[in-house]
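Scroll down for the structure; my scribbles are underneath it.
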């Protein structure tokens, strides 16, 4: 049976176990008392049967008188011959048919014992009243039932109070959880007031609330950062369009303003595309392909594609790759290489150098993109993979701030890791480790 209330469910099973236990205990005590009382009566009847046997074996002409003299008053007896005829019987005794086997039975509030006199010699039947014993058993049973009922009622009442106290911390946990909302994510369940048995549950809920709080804060910060990042190109676009519409300018000035507007639109487009990619990644809606590919050829192709950007800002690109074949999504891995190169080039001063290496180390492909820029301080090395985080915003050269976040997502989806190494002021080295034969999640 199922109930909606945990208290009612526990109380129901507690009552069921309690009643069952009382029933077993009462039945056992009742049988034990009955056995003890009847055992005493049976011992007396056995002695009287032996006394009657002695009288019968003497074959006296005064058998009935001798039998009555040998047995106490009130004892009922009968002697049958081999044919079943009653030789002698006490007053009021109706033995019925001839016994067929030795037995001890209870009938009409009497305990009867039947024994053979010998082979084909007849039977002896002796009995006595057990009304007092039966009355005592009935009184015991009534007392047992009354006591059991009182015990059950008291136990159920105590059980209800006990359950209320035991479940009170759970109710408090529920009330605390209901108080937590988007405007009150900092509240936690006080563990010092929670019993040991529920402390793990409360701690797990607190940990969930903490992660939810962090996720909410990250979402809030992400929204604020996205708004801030989009505000700049929108302001540039709005300003130049307004100037173009209100001030007379020659064709060269118009082309320059259009170029600035185009760059702002491209920056916003890249940012929106990155946001859309990460949003779909968070919801698990981005499909991945898992095919055999030549990673070294992919890396070389992306270096060639990024060469014009490097030439434009005076950055030298160097490449040393070893043949590496693996399973993965070629399009997504191109994004990894492209974003790492774009990040390195945009943060370099003119005349800097970017070195790309690819090697196979055991069962992994290791891609390294090192630059000669200012490097990443150790305290920022975990945060560089966060969305919109920049070590030095003044040197971003128009980046969206989403490239490294996308890199980490793609690498982890391939079962790999990405980290930044190097020394601050000397240069940064991004290291990507990818398993060669692991299916993409």
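A few remarks follow.
- Estimated FRET transfer efficiency when R0 is 35 angstrom, pair residue 294-residue 419 (beta carbons, to 0.05): 0.90
- Cβ-Cβ FRET estimate between residue 35 and residue 210, R0 fixed at 41 Å, reported to 0.05: 0.05
- Given their separation in residues at 0.36 nm each and the Cα-Cα distance between them, residue 265 and residue 25 gain 77.8 nm when the chain is fully extended.
- The stretch 288-369 shape via C-alpha gyration tensor axes, a/c threshold 1.5: prolate
- Spread of Cα-to-Cα distances over 10 Å intervals beginning at zero, given as percent, for the stretch 6-135: 11, 35, 23, 11, 8, 7, 4, 1, 0
- Relative exposure of 68, 383, 178, judged by other C-beta atoms within 10 Å (fewest first): 178, 383, 68
- All Cα-Cα distances of the stretch 291-435, cut into 10 Å bins from zero to the largest, leave 12, 46, 35, 7, 0 percent in each bin in turn.
- Spin-label pair residue 146/residue 85, simplified geometry with 7 Å Cα→Cβ offset, distance in nm: 5.5
- Theoretical FRET efficiency, 1/(1+(r/R0)^6), r = Cβ-Cβ of residue 242 and residue 179, R0 56 Å, to 0.05: 0.65
- Convex hull (Cα only) mean projected area of the stretch 295-340, reported in nm² to one decimal: 3.2
- Between residue 161 and residue 63, residue separation times 0.36 nm minus the direct Cα-Cα distance comes to 28.1 nm.
- Size of the stretch 108-181 as Cα extents on the principal axes (Å, biggest first): 97, 27, 13
Each value in this text was obtained by applying a stated rule to the coordinates, not by laboratory testing. Only a predicted model underlies this, so the values are computations on that prediction, with no experimental measurement involved. Cβ coordinates were reconstructed from backbone atoms using ideal geometry, including for glycine residues, and neighbour counts include every protein chain displayed.
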